[in-house]
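FYI, it's all coordinate maths here, none of it is from the lab. Keep in mind the model is a prediction, meaning the values are calculated, not measured. As a convention, Cβ positions derive from the backbone with ideal geometry for all residues, glycine included, and neighbour counts pool all protein chains shown.
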Amino acid sequence: MLFNVNICFGNKRLRCYGLKMGIEILLFSMLCSRGEIILVGFIVYELINKVIELIEDYILDFYKNLYAESISNVPDTSNMKYFIGTYIPELVSFEENMMLIKCPDFLELKNVVFIVNGNNDPGPDGFGGVFYHSCWEIIGIDVCNVVQQYFKENWVLFGINSNVVSLIHKIQGVDCIKNYKPIVVAKFKFKIISKLLADRLALVAAIIISPNQYEFVYGRQIQDCIGIAFEAINMLSQKVRGGNVTYKVDIHKAFDTLGWKFFLLVLTCFGFHPSLVGCISTILRSVMLSIRINGSLVGFFFPCSRGVREGDLLSPLLFCLAEEVLSRGISKLVNDKKILHMASPQGYLTPSRILYVDDIFVF
């Protein structure tokens, strides 16, 4: 809960906390008669509503600013494509592009619909996967027409990409808004598009994403990442000439602050078809968000101008593709001898880096 109230008449004390803003209100009352109890109760009720309103406004402003790209932070795109092209080669073949942009048929869409878990949160429209699974014989054609229109015309219905953001606390005893993880809950109809694109893109991503990235890529597991990090850290205690050093980097709000212009240029440099780049751009620009606080929606579906959303089926792969610029940039520094591999007593060649989402080890 983002708000907690503790009323104790035995100690003649009323206390309410606004955990997000550090607001504390302490009231005393003699409570000599029933009338005074009612009066104090009314005052507390009004104060609590005011504090809740302040907390909701604070949280809404925080996430509006988080998902909005300020004018001062808008990147200069004049040289950005040249910079990205220095590290990202054109790797996507013609056949792979044709597979990615192919308009799905009825059978493919039906398989996607029934693969997606129907018991998840139904999203803001209330129609969950169970509804689509149960009524597919009735609504199947209409659903297919919506998805096929997206692939043919690069257009989605207004509001189809409306999402509810649920705040999940990362630690116990949260006292700061930054310690909540925003997880989006999308409409099931939009999950069909995301799942379809994610399944297709995963086949290509496993080929073009460097082996130093271990997250959300077919055939790679976090256990491999942990094993490599463990072995590299053990080597720090080995006596070698010149010594060894390793860096652990945690990218703050990595998903939420990803620049769209930068990411779309990364896709272009990889060689993805302009139609696919346009389709993904449509997904990014059509997103609308509303924040769920104590069971109520705050901020009626405001637009965003940056970031990808945790909880969306497609977002993890998009983030991995964007992070490939950093991964290949470190590799180039190693090849140019500006960063040296860790020295080992046996002369083993250690990896220069490992990446798992927003956690990065550089050896």
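A Förster radius of 35 Å combined with the Cβ-Cβ distance from Phe158 to Ile233 puts the calculated FRET efficiency at roughly 0.10. Rounded to the nearest 0.05, what FRET efficiency do Phe83 and His252 have when you use their Cβ-Cβ distance and R0 = 22 Å? Efficiency computed from Cβ-Cβ geometry: 0.50. In this simple spin-label approximation, Tyr218 and Ala68 carry label points 7 Å from Cα along the Cα→Cβ vector, and these lie 4.1 nm apart. Cross-link partners for Lys332 among the aspartates and glutamates, with Cα-Cα distance under 17 Å and sequence neighbours closer than 8 places in the same chain left out: Glu90, Glu323, Glu324. The stretch 150-191 and the stretch 284-342 have their alpha-carbon centroids 13 Å apart. Phi angles across the stretch 261-277 convert, under the Karplus curve 6.51 cos²θ - 1.76 cosθ + 1.60 with θ = phi - 60°, into 3J(HN,Hα) values of 4, 4, 5, 5, 5, 4, 4, 5, 5, 5, x, 5, 4, x, 5, 5, 4 Hz, Gly and Pro given as x.
In this structure, the amide hydrogen of Glu310, modeled 1.01 Å from its nitrogen in the peptide plane, lies closer than 5 angstrom to those of Val184, counting only residues at least 5 positions away or on a different chain. Within the straight-line cut-off of under 23 Å between alpha carbons, the lysines reachable from Lys338 are Lys239, Lys248, sequence neighbours fewer than 8 places apart in one chain being disregarded.
Note that the stretch 54-60 has calculated 3J(HN,Hα) couplings of 5, 5, 4, 5, 5, 5, 4 Hz, one per residue in order, obtained from phi through the Karplus relation 6.51 cos²θ - 1.76 cosθ + 1.60 (θ = phi - 60°); glycine and proline are x.
Distance between the pseudo-spin-label points of Leu47 and Ile139 (7 Å out from Cα toward the beta carbon): 4.7 nm. A straight Cα-to-Cα reach below 16 Å connects Lys81 with the lysines Lys261, residues fewer than 8 places away in its own chain not being considered. Dividing the convex hull volume of the alpha carbon atoms of the stretch 169-269 by its residue count gives 212 Å³ per residue. Annotation for Leu297 and Met99: the two label points, set 7 Å from Cα along the Cα-Cβ direction, are 3.8 nm apart. Amide H contacts under 5 Å for Glu69: Ser305, Arg306, restricted to partners 5 or more places along the chain or on a different chain, H placed in the peptide plane at 1.01 Å from N.
Summarising the amide proton neighbourhood of Arg353: residues at separation of 5 or more, or on other chains, whose placed amide H is nearer than 5 Å comprise Phe363.
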